[in-house]
Amino acid sequence: MNPKTIEAYELARGLPDEEVMELIHRLLNLVSELKQRRDDRSARPSTQTPEPPPPAQSRSLLELHGLGKGVWEKVDVEKYISDLRDEWDHR
């Protein structure tokens, strides 16, 4: 993993639960933006030969089991969902 990514992860681990949830929300928005940009680029005709994708690493989805479980322990799920729905009304 990139050292900056590791540093960001370690900083996030030290945040209060609510701030971690806000960070996750913002990162999910960023992922959506990146996906949209990637989709926009792939929709344009290319004059160059596309580069082959990097070789896939053999990983298991099961490695993610339990990751982040502690983040949700102190979060009031109903309030969190309500806050998200309120945010949708302002978009």
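What about residue 58, is it surrounded by 10 or more Cβ atoms within 10 Å (Cβ to Cβ) and polar (S, T, N, Q)?
It is false that residue 58 is surrounded by 10 or more Cβ atoms within 10 Å (Cβ to Cβ) and polar (S, T, N, Q).
Answer yes or no: is there a residue in segment 78-91 that is in a helix (DSSP H, G or I) and among the aliphatic types (A, V, I, L, M).
Yes, some residue in segment 78-91 is in a helix (DSSP H, G or I) and among the aliphatic types (A, V, I, L, M).
If you take the residues of segment 35-73 that are over 30 Å from residue 12 (Cα atoms) and not in a loop (DSSP other than H, G, I, E, B), which of them is modelled with the highest pLDDT?
Result: 40.
Any idea which of (1) within 20 Å of residue 80 (Cα to Cα); (2) of a type outside the set (A, V, I, L, M); (3) more than 17 Å from the chain's Cα centre (by Cα) is the one residue 25 doesn't satisfy?
The single condition residue 25 does not satisfy is (3).
The values are calculated or read from the model by the stated rules, or taken from the named source; none is laboratory data. Worth saying up front: this structure is predicted, and the values here are computed from it rather than measured. In this analysis, Cβ positions are derived from the backbone assuming ideal geometry, glycine residues included, and neighbour counts consider all displayed protein chains.
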